[in-house]
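What follows is calculated from the coordinates using simple rules that are stated; it is not laboratory data. Note that the structure is predicted; figures quoted are calculated from it, not measured. Cβ atoms come from the backbone with ideal geometry, glycine included; neighbour counts cover every protein chain shown.
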Amino acid sequence: MNKIKKDEKQAARKQQIIEAGTRLIVQKGIEKTSLADIADAAGISKGSLYYYYASKNELIFDITEAHINQISENLFAIIEQTRGSTRWEDLLKILYERIMAADTRGRLHIYLIQQALNGSDDLKDRFQKKSREWKRMIIDGFAKIDPGIHLQGSAASMIIAALDGFLIQSLLEVEPISGDEFVSHLDVKIQP
C-alpha cells in the first residue's frame, strides 16, 4: 500500500474513532466511557485503538479540537462570503452563540482544562499551542473583516477568556446572557 493510501486509511480510521467516541461520551458521559467501549463502538480492537490513542484524554482532546476547528472553519467561510459587509461584532456574536450551543463539546473542553490543571503536562502543552492558534485565528479573522483592524494579542486573549468563562457559567446553568449582550459588554480595543 502506498503512503498516500495508508495515510488516507489511517485518517479515516481516526475519524471513525472520534465519531464513535463522541457518540458514546454524549450518551454515557466522560467518566463512564472507556477506551474499550469506544473500540467496540468503532468496530476495532482495543489494541488498534491504542495505536491511534494512548489515552482517553488524547482522544477527548481530538474530539474537542475537531469541534472547535469546525466552528472556526464555519466562521472563516462566513468571513470570506461576506467580506466587507460583516461587522466584527456580528462575527463575535456568531462565535459566542455557537460555542454556547455546543453543550457536549463544551463539557469536553472544560473536562480537558481540568485534566491539564491537575498535572497532565501533555494536555497543558497542547492547550498552550492551541491557545496561540486561537489567538492568531481571532486576530486574522478581524483583519479579514476589515484590513484596517489591528487587534492586539491581549484583546484576542480576553475574547478567549470571556468565551471560556461564559461556557463554564452555561454548564453550571448560571443565567446565560445573549450573544448581543456578550458583544455589547465586551470592550474590545481595536486600533485602526
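Let me know the charge dipole size of the chain about its Cα centre in debye, to the nearest 20, where only the beta-carbon of Lys, Arg (+1) and Asp, Glu (-1) is charged.
So the magnitude is around 820 debye.
Between segment 114-174 and segment 52-109, what is the separation of their alpha carbon centroids in Å?
For segment 114-174 versus segment 52-109, the Cα centre distance is 11 Å.
Using only the alpha-carbon atoms, how far is helix 3-28 inclined from the longest principal axis of the chain? Give it as 0 to 90 degrees, nearest 10.
Tilt relative to the chain: about 80 degrees.
Roughly what angle does helix 153-171 make with the longest principal axis of the chain, taking Cα atoms, 0 to 90 degrees, to the nearest 10?
Computed tilt is about 60 degrees.
Please turn the phi angles of segment 116-129 into ³J(HN,Hα) values with the Karplus equation 6.51 cos²θ - 1.76 cosθ + 1.60 (θ = phi - 60°), one per residue in order, whole Hz, x for glycine and proline.
Rounded to whole hertz, the list is 5, 6, 8, x, 7, 5, 4, 5, 4, 4, 5, 5, 4, 5.
If exposed means no more than 14 neighbouring beta carbons inside 10 Å and the site is in a DSSP loop, what's the longest run of the chain without any exposed trypsin sites (Lys or Arg not before Pro)?
Between exposed loop sites, the widest span is 88-188.
Calculate for the chain the 222 nm mean residue ellipticity that helices alone would give, adding -39,500 (n - 2.57) per DSSP H run of length 4 or more and normalising by residue count, nearest 500 deg cm²/dmol.
When only DSSP H runs of four or more count, the value is -25500 deg cm²/dmol.
Using modelled backbone amide H atoms (1.01 Å from N, in-plane), which distant-in-sequence or interchain residues come within less than 5 Å of residue 150's amide H?
191
GluC sites (Glu not before Pro), restricted to segment 40-144: which are DSSP loop and have at most 15 other Cβ atoms within 10 Å? Display every interim value, and only then the final one.
Working: sites: 58, 65, 73, 80, 89, 97, 133; in loops: none.
Those that pass, being in a loop and sparsely packed, number zero.
In degrees, nearest 10, range 0 to 90: what is the angle between the Cα axis of helix 56-81 and the longest Cα principal axis of the chain?
So the helix axis and the longest Cα principal axis differ by about 40 degrees.
Placing +1 at every Lys and Arg Cβ and -1 at every Asp and Glu Cβ, with all other atoms neutral, what dipole size does segment 1-68 have around its Cα centre, in debye to the nearest 20?
Details: 11 positive and 9 negative charges, 52 e Å.
Dipole about the Cα centre, nearest 20: 260 debye.
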